[in-house]
């Protein structure tokens, strides 16, 4: 039996990913709130010693620290009967989507949202570039979702959990969300999974999930 | 026995990753040159039908197409005795580095290089932002490499193969490469592995590697 502690911040879609996984799979764990806006060198000793890249989330499994949200999803999924595929080609397709997320939509949409919602004085060139990238990435995803209910093998997987994370906050980017009806329908399908919650309802303080 | 075909372009560090893996592991395969500067909709039917995200590289394994360079490295590594770890925690650390690469150094350095070397008229704000990110990412890597010869478990893995890719071209970014001596020493260590070649020596046309 494992003993998980998860460090995260409620404003981060990357932190929402493993928290959502825990909720959907009814996995018990301790949640520890860590303020993502505190400079990294001023954070608690525990998180500084655990976070290899200085980023959140961090998952501690019986004393072993793991980071990178998509890598944490892989770890949790490998231990789970839910959201996992036995077929290696389906697992490979999940990996492709995770890497696509991390260098595309998880970068374009997440940065655009953060700069639009929490930051100011960002150069317009940079915002325009992010908007272009986000629209391109969302169009790509929209196209994929016209022909299938979930990203891999017609069933929910960590590919969906990873990619949906920032998209429940799409309105925060200022983009016209009406352009992507298939994405909207897919987000609705995910939201019907037992245990699902909106990222706005992320825990805002430390607590135990039994 | 597998039958690999790899589509790539010699100007892409993402394409260098699997080509380097093939060379270091003496894996036979067919290489197919695909011009990355040709608009995606004008590329050959074969590559358009195979490339899920319209990106290169693409690996075909007995008719099954795989994409995303880091995901391809995972696939190749899972089938290999070289560059693979039996311990799940070491495998997990490799995954963390691969995801770190795809949203950090594989994005900052690669885009900075591409825009500096192959593009023009990029807004200075965007270049400055990329330079900031690249320096931060390189500083992080430099710090890691002060204490170890390779990124995971003191032995070469696909984490090194992935992250080194764009760094042999670091001078193309215009950054002062003298700032990162540990990275230089690590790149030299990788270059001593049997079968290694510089990305400048990527194949420029289609050919068979037996």
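Readers should treat all values here as calculations from the given coordinates under stated rules, not as data from a laboratory. Keep in mind it's a predicted model, so treat the numbers as computed, not measured. When we count neighbours, we look across all protein chains shown, and the Cβ atoms used for this are built from the backbone with ideal geometry, even at glycine.
Mean sequence separation of contacting Cα pairs (under 8 Å, at least six apart), scaled by the length of chain A, corresponds to a relative contact order of 30 percent. Among B:157, B:50, B:119, the largest mean-square fluctuation in a Gaussian network model of chain B, built with springs joining Cα atoms closer than 10 Å, belongs to B:119.
Spin-label point model (7 Å from Cα, Cβ direction): what's the residue A:179 to residue A:30 distance in nm? The two pseudo-label positions are separated by 4.5 nm.
Over the range B:133-191, what portion of Cα pair distances is larger than 18 Å, expressed as a whole percent?
Roughly 25 percent, rounded to a whole number.
With N the number of residues in the range A:88-191, Rg(Cα) / (2.2 N^0.38 Å) evaluates to 1.08.
So for each of B:173-186, B:64-77 I average, over its residues, the number of other beta carbons within 10 Å; can you give me the resulting order with the highest mean first?
Details: B:173-186: 15.6, B:64-77: 23.6.
The peptides rank, most packed first, as B:64-77, B:173-186.
Any chance you could check the Cα centroid distance between the range B:137-193 and the range A:101-150 for me, in angstrom? Centre-to-centre distance over Cα atoms comes out at 30 Å. Over the range A:88-191, Cα pairs under 8 Å with separation of 6+ residues give a relative contact order of 36 percent.
Summing -39500 (n - 2.57) over the DSSP H runs of n ≥ 4 in the protein assembly as shown and dividing by its residue number, what mean residue ellipticity at 222 nm do you reach, to the nearest 500 deg cm²/dmol?
-14500 deg cm²/dmol
Taken along its three principal axes, the alpha carbon spread of chain A comes to 46, 44, 26 Å, from the longest extent down to the shortest.
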